[in-house]
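Data block below; observations after.
The values are calculated or read from the model by the stated rules, or taken from the named source; none is laboratory data. On a predicted model such as this, the values are computed, not experimentally measured, just so you know. Methodologically, a virtual Cβ is constructed for each residue, glycine included, from the backbone with ideal geometry; neighbour enumeration extends over all protein chains shown.
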Amino acid sequence: MRRASSWSTGIPAIEPPMRFDVVTLFPELFAPHLAHGITRRAFESAQVELKLWPLRDFADGGYRRVDDRPFGGGPGMVMLAEPLQRALDAVRGDRVDVPEVVHFTPTGRVLDQSLVLAMAGGPGAVLLCGRYEGVDQRFLDRNVTLEISLGDYVLSGGELPALVLLDAVARLQQGVLKPDSHQQDSFSDGLLEGPAYSRPERWHTPEGERPVPAVLLSGHHGEIAAWRRRRALETTARRRPDLIAAARAAGRLSRDDEGHLATLGL
Ligand SMILES: C[S@@+](CC[C@H](N)C(=O)[O-])C[C@H]1O[C@@H](n2cnc3c(N)ncnc32)[C@H](O)[C@@H]1O
């Protein structure tokens, strides 16, 4: 019986700093997403180790059943507790630590950058990907330590949420991005990022010329930083006033910031 397939394709890690074990009915969904782009570096260098545990390998009988009808009636199927427990026990037996056990569900805590940062600094976790109408509650009550939602909508499975978390965590690992490049990302200082521009300096379009804001071509780092801060404040105030309120409450807005918001009536 196949147990886990390790997807750290590069150098084998002796004791990786971070390890994620994913229990899923669809392990094949993971490799294509993690084999490309900048996050690939984190997995290939084995900074982050990923082990995939195909749930069907832990199911009984010829049909390798992992779901059944809900007691009490209702539409859809429910994931069975016993195959999930066998898979999780196998993961636990394969790790030296006691990992956080994450279940992805629309009823969980909504994923945000503060949770990503906390996980990026931790030892990793077991990620349980639901399917069908959900998971037998007795398994969840017995094992799960954290429930994460991607947002207020319903997906068909927990694999995309798991990939989203893995991507967000991997890009924060040292050496994956250029130093301090993620410190300019949205949410890193509690604000949304302002606009970005690249070549050409003047873009000729049918409705006219669109130049890059002159300050960005000035070479004056102080003025560029101040301009970026003001744009970030404006974007955040218009789109996410809740984040401005939170930054204010946390004392993260300077007198200049407040002055700029006041001139905009925001
Ligand atoms: C069709 S959904 C089940 C939805 C469930 N019946 C409900 O209404 O809450 C199947 C699986 O997709 C995953 N899923 C769906 N939406 C999600 C979301 N917004 N966040 C995290 N996981 C989600 C969960 O693992 C869930 O068990």
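Which residues, counting only those in the range 106-140, are more than 17 Å from D67 (Cα to Cα) and either within 11 Å of the ligand (Cβ to nearest atom) or surrounded by fewer than 16 Cβ atoms within 10 Å (Cβ to Cβ) (or both)?
Once the filter is applied, which keeps residues that are more than 17 Å from D67 (Cα to Cα) and either within 11 Å of the ligand (Cβ to nearest atom) or surrounded by fewer than 16 Cβ atoms within 10 Å (Cβ to Cβ) (or both), the range 106-140 yields P106, T107, G108, R109, V110, L111, D112, S114, A118, G121, G122, L127.
Cβ-Cβ below 7 Å, separation at least six or inter-chain, first residue in the range 147-168 and under 19 Å from G121 (Cα atoms), second part of a helix (DSSP H, G or I) and within 6 Å of the ligand (Cβ to nearest atom): which pairs?
I148/P161
Out of all the residues in the range 90-105, which are within 16 Å of the ligand (Cβ to nearest atom) and either among the hydrophobic types (A, V, I, L, M, F, W, C) or touching a His at 6+ places or on another chain (Cβ under 8 Å) (or both)?
V101, V102, F104
Quick one: is L191 in the same structural domain as H33 (by TED's automatic domain parsing) and either of a type in the set (F, W, Y) or touching a Leu at 6+ places or on another chain (Cβ under 7 Å) (or both)?
no
Let's see how each residue does on (1) among the polar types (S, T, N, Q); (2) within 16 Å of the ligand (Cβ to nearest atom):
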site	(1), (2)
I148	no, yes
L155	no, yes
V164	no, yes
D167	no, yes
Q174	yes, no
S188	yes, no
E223	no, no
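State all residues of the range 23-51 that are under 15 Å from L165 (Cβ atoms) and at pLDDT below 90; if no residue qualifies, say none.
Of everything in the range 23-51, those that are under 15 Å from L165 (Cβ atoms) and at pLDDT below 90 turn out to be H33, L34, T39, A42, F43.
From G222, G265, G251, grab the single residue that is assigned to a helix (DSSP H, G or I), free of Cβ contacts under 8 Å to residues at least 12 places away in the same chain and exposed (fewer than 10 other Cβ atoms within 10 Å of the Cβ). Spell out the reasoning first.
Working: G265 fails: assigned to a helix (DSSP H, G or I); G251 fails: assigned to a helix (DSSP H, G or I).
The match here is G222.
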